[in-house]
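K.L.:
Quick one: structure below, then a few questions.
Each reported figure results from applying straightforward, stated rules to the coordinates on display, with no laboratory input. Predicted model only: the values in this text are computed from it and were never measured. In this analysis, Cβ positions are derived from the backbone assuming ideal geometry, glycine residues included, and neighbour counts consider all displayed protein chains.
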Amino acid sequence: MFQPRPAQEQVLAYRGGYLAVSAVPGSGKTVTLAALAARLLETGIPEGSAVLVVTYMNSAVDHLARRIGLRLQEVGVRGGRYKVRTLHSLAREIVLEQPGLAGVAPGFAVLDERTSQSLLERALEQWLQAHPGFWERWLLEDTAQARAYWWERLLEVARAAISLAKNRRWKPRELLERLESWPDPVPELVHLALEVYALYQSYVETSGGLDFDDLVWRAVDLLEQHPDLLERLRERWPFILEDEAQDSVPLQEELLSLLAGRPGNWVRVGDPNQAITSTFTAAHPRYFRAFMSRPEVHTITMAQTGRCARRIMALANHLVEWACRRHPLPEIRERAFRLQRMEPSPPEDPQPNPPDEPGNVVIHARGYGHREREELPAMVRLVARYRARFPSRTLAILVPTNELGYRVSALLKEQGLPHDELLESSSQARGVAGLLAGLLQLAAQPIDRSALARAFERLVDHGWLPLEQERAALSRLLSSCVAPERLLFPEPGEDPLTALPAGRAGPAEMAMLAPFLDLARRIAQAASLPVDQLVLLIAASVLTQPGDLATAQQIATHLRHLQEADPALRLPELAQELERIAAGRRRFVGLSDEDLAFEPQPGRITVATQHRAKGLEWDVVCLVGIDRYWVPHELSDPFQGTHPEAGGNPTAIVQAWMRALMGEQGALADAAEATKEACLETIAERLRLLYVGITRARRHLHISWSRQVERYGRDRPQEGTPVLAELDRFLRRLAQADKPRPGP
């Protein structure tokens, strides 16, 4: 039975109007939101209407709906009328009310994040092909490594530009017209971003679908242009309860604001101190803070939490207070955090704070000598010892980047330690993608020696061919094949052995290669199938584990969507898409997708980025790589994404120009000011990210960094971040205060 705390009681007393709830980590915002929905249904809402609960993650929908249902059972209410929707499924439901008026076909598809990203890459590739001199003008040194690095940066620029344009509801044609009539010279990157936007949108429209931003845009336009529909939906959903409000972007907030109306009934629950996506999405904590400051909005702070041991909670509180009061940059004091403290749960609470244990918070303030050679192995040994001592507890290693996460996972695998990955792509998904990429290349070029050898090697690596010892010799044979077509498709009377170099292969080698050659023939003969059917046929031939087969199904659907959006794509390009997934350069989390709720398991070590860890908790948390490059302190520090040769931060500069093109008041297309603002946002968000990392820990917390790191194949010196030194000093003062004082 839910026993509300005092602040939760205040929330449950809500009966109408605009309400903002700022909820600290572990304060029970989800259970409170579910209890409020049940309370509103218990007290009665108009006949034919329902309580609308909106969240931002698919994985939260079932959880919230289940919570509400259980709460209704507890209070004896049957058949409660409520709807739990993600923001995007809500927008889709609204568009489907009048698809013709919204300008879409009734059966329109919604492009997922993977497909949208792939279409964006396709658009950027097309732009670069049409501008062959761009790399020469842009790169100081035209190397493969430099092109790969700037390819990712250009994607970031284009993605941010498109997100900004769609949240402001500007079409590509409108922005390009403004650009053409602009009186002063405009940086080439602005042209790139807007022209890539136009190409990307043409691919989306060719697919007959909408991306997530388009979907919300169409829903907002539909409601604004058809007040009768808006009024009908307001009657259908007289109460709107919004979860994770700190992650809302302007267009999404506009949609919910329209549905709520003024006066209306809108409850927004979130934590501005856990807003950690503002540097790479259109979300920003200032929007939720602005809502809280409106005169018609009543604000409640849920500060009591039973998640963390008190020493961990004290550390998180000190980080917030130090940043708000003593950070050297006034802009950071204003914007990094809302000044609110985590308070322990009250006596007799069903969720008491875990007790502090000796040495349960450790900060490696001096730093390890080297991150890859010392820090990461030390963290793996630490969690292994803790796991052996407390097998019933949950453990996590939280990393700044996916690349670092892949290294940690490899170390855990070497030690035989069971672990789960919450990274851009899991090792399982990367392995399946790599295998299928090699076999798709073979389907596209069955008589290409390199494709034959590559496909053979990947089948051995995956375990389908048990030929690890013979792998190198047989791969060399295939690479030096003198007549691949004779090896795969011999004419009657021809000996396939003659297709291999004379004297280097005999019946024994042919017998070992026979299963592979049989598979290669079947794949080549099926190459004309639609790509999703081809992938599934290959998967059925080489995969046996249910998880691998399910990932192959997701990959097949993904490739089909890509080809529908761009019919010019052929097997080589689609195989290259899988190579990017296999290399970890494409977000593809397979069965660990956020759509499937992740629950940490005792004895299994979770490897996650700090971003992906939000919303989760573990008994033991190790935060690695917390150095000055990851958590900058001053504007003179080096910043990821800032490049002097580009005049500063390319993404920020392009966005500043776009705001100027849109005619926004106060917009200034100044590279230095735009870069400074981006650096301030990075500092503020990294502090919030550190706060999120700290508050994932229930019992034990370990924070570390290293004085040297490996970057781009070289060891590079690294500085410690002053915030870590400040937290270490605070812990020492806390330990001194805890020491028993001698008697009189």
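K.L.:
List every residue whose amide H lies under 5 Å from the amide H of Glu421, counting only residues 5 or more places away in sequence or on a different chain, with H placed 1.01 Å from N in the peptide plane.
P.N.:
Residues meeting the amide H criterion: Val607.
K.L.:
Right, something else. Apply the Karplus parameterisation 6.51 cos²θ - 1.76 cosθ + 1.60, with θ equal to phi minus 60°, to every residue of segment 169-175 and state each ³J(HN,Hα) to the nearest whole Hz, in sequence, with x for glycine and proline.
P.N.:
6, 10, 7, x, 4, 5, 6
K.L.:
Follow-up question, since we're still on this one. How far is the Cα center of segment 266-334 from the Cα center of segment 417-443, in Å?
P.N.:
Computed from Cα coordinates, the inter-centre distance equals 37 Å.
K.L.:
Hey, got a sec? Which trypsin sites (Lys or Arg not before Pro) in segment 358-457 land in a DSSP loop and have at most 16 other Cβ atoms within 10 Å?
P.N.:
Arg366
K.L.:
Quote the charge dipole size of segment 361-439 about the Cα centre in Debye, to the nearest 20; the model charges only the Cβ of Lys and Arg (+1) and of Asp and Glu (-1).
P.N.:
Rounded to the nearest 20 debye, it is 400 debye.
K.L.:
Normalise the Debye intensity by I(0) for segment 368-500, one equal point scatterer per Cα, no solvent, then take log10 at q = 0.09, 0.12, 0.15 Å⁻¹ and round to two decimals.
P.N.:
Cα-only, vacuum Debye calculation for segment 368-500: -0.45, -0.66, -0.84.
K.L.:
Give me the one-decimal nm value for the distance between modelled label points at Glu174 and Val362, 7 Å along each residue's Cα-to-Cβ direction.
P.N.:
Going by the 7 Å Cα→Cβ label model, 5.7 nm.
K.L.:
May I ask for the percentage of alpha-carbon pairs in segment 109-207 that lie more than 16 Å from each other?
P.N.:
58
K.L.:
Please name which of Leu101, Leu128, Leu64 has its Cα lying farthest along the dipole of segment 58-134 towards the positive end, using unit charges on Cβ (Lys, Arg +1; Asp, Glu -1) and the Cα centre as origin.
P.N.:
Farthest towards the positive end: Leu64.
K.L.:
Now, a different point. For the pair Ser392 and Glu42, what calculated FRET efficiency results from E = 1/(1 + (r/R0)^6), where r is the Cβ-Cβ distance and R0 = 41 Å, to the nearest 0.05?
P.N.:
That pair, Glu42 with Ser392, gives E of 0.65.
K.L.:
Another question, then. Whole-Hz Karplus ³J(HN,Hα) for segment 30-44, in order, using 6.51 cos²θ - 1.76 cosθ + 1.60 and θ = phi - 60°, x for Gly and Pro?
P.N.:
5, 5, 5, 4, 5, 5, 5, 4, 5, 5, 5, 5, 5, 7, x
K.L.:
Next question. Past the 28 Å Cα-Cα mark, which pairs from Lys166/Lys614; Lys413/Lys614; Lys166/Lys676; Lys29/Lys83?
P.N.:
Listed pairs above 28 Å: none.
K.L.:
Suppose only helical runs count, i.e. DSSP H with n ≥ 4. What mean residue ellipticity at 222 nm does that imply for the chain under -39500 (n - 2.57) per run, divided by all residues and rounded to the nearest 500 deg cm²/dmol?
P.N.:
Dividing the helical sum by the residues of the chain leaves -16500 deg cm²/dmol.
K.L.:
Around Tyr18, which amide H atoms from residues at least 5 apart in sequence, or from another chain, sit under 5 Å from its own amide H, with H modelled in the peptide plane?
P.N.:
Under 5 Å from the amide H of Tyr18 lie the amide H atoms of Trp266, His298, each far enough along the sequence or on another chain.
K.L.:
Calculate the FRET efficiency for Gln351 and Leu139 from the Cβ-Cβ distance with a Förster distance of 56 Å, rounded to the nearest 0.05.
P.N.:
Here the calculated transfer efficiency is 0.50.
K.L.:
If you average the alpha carbon positions of segment 81-146 and of segment 527-561, how far apart do those two centres end up, in angstrom?
P.N.:
Segment 81-146 and segment 527-561 have Cα centres separated by 23 Å.
K.L.:
Placing +1 on the Cβ of each Lys and Arg and -1 on the Cβ of each Asp and Glu in the chain, which of Gln533, Asn273, Leu478 has its Cα farthest towards the positive end of the resulting dipole?
P.N.:
Asn273
K.L.:
Starting at the first residue of segment 340-355, write each ³J(HN,Hα) from the Karplus equation 6.51 cos²θ - 1.76 cosθ + 1.60 with θ = phi - 60°, in whole Hz, x for Gly and Pro.
P.N.:
9, 9, 7, 10, x, 5, x, x, 6, 5, x, 10, x, 5, x, x
K.L.:
Note down the nm distance, to one decimal, between modelled labels 7 Å out along Cα→Cβ at Glu599 and at His131.
P.N.:
5.0
K.L.:
What distance in nm separates the simple spin-label points at Asp738 and Ala550, each placed 7 Å from Cα in the Cβ direction?
P.N.:
Roughly 4.1 nm, to one decimal.
K.L.:
Across every pair of different alpha-carbon atoms, what Kirkwood hydrodynamic radius in Å does the chain reach?
P.N.:
Roughly 28.5 Å, rounded to one decimal.
K.L.:
Still on this structure, please answer the following. Give the whole-number value, in cubic angstrom per residue, of the convex hull volume spanned by the C-alpha atoms of segment 427-588.
P.N.:
Looking at segment 427-588, the number lands at 110 Å³ per residue.
K.L.:
So what's the angle, to the nearest 10 degrees on a 0 to 90 scale, between helix 546-565 and the longest Cα principal axis of the chain?
P.N.:
90
K.L.:
Assuming R0 = 51 Å, what is the FRET efficiency of His298 and Glu374, from their Cβ-Cβ distance, to the nearest 0.05?
P.N.:
0.50
K.L.:
Give me the dipole magnitude in Debye, nearest 20, for segment 427-588 about the Cα centre, with unit charges on the beta carbon: positive for Lys and Arg, negative for Asp and Glu.
P.N.:
Dipole magnitude for segment 427-588 comes out near 420 debye.
K.L.:
Residue farthest toward the positive end of the dipole of the chain, with Cβ of Lys/Arg at +1 and Asp/Glu at -1: which of Ser248, Pro346, Val620?
P.N.:
Positive-most Cα among the choices belongs to Pro346.
K.L.:
Amide H to amide H, which residues 5 or more places from Trp237 or on other chains are under 5 Å from it, using H placed in the peptide plane?
P.N.:
Ala50
K.L.:
Just the number, please: percent antiparallel of the DSSP beta bridges in the chain, rounded to the nearest 5.
P.N.:
Roughly 10 percent of the DSSP beta bridges within the chain come out antiparallel.
K.L.:
Assigning unit charges at the beta carbon (Lys, Arg +1; Asp, Glu -1) and nothing else, what dipole magnitude in debye, to the nearest 20, does the chain show about its Cα centre?
P.N.:
Computed about the Cα centre, the dipole is about 2660 debye.
K.L.:
Would you tally the net charge around Gly463, using a Cβ to Cβ cut-off of less than 13 Å, leaving Gly463 out, and scoring K and R as +1, D and E as -1?
P.N.:
-2
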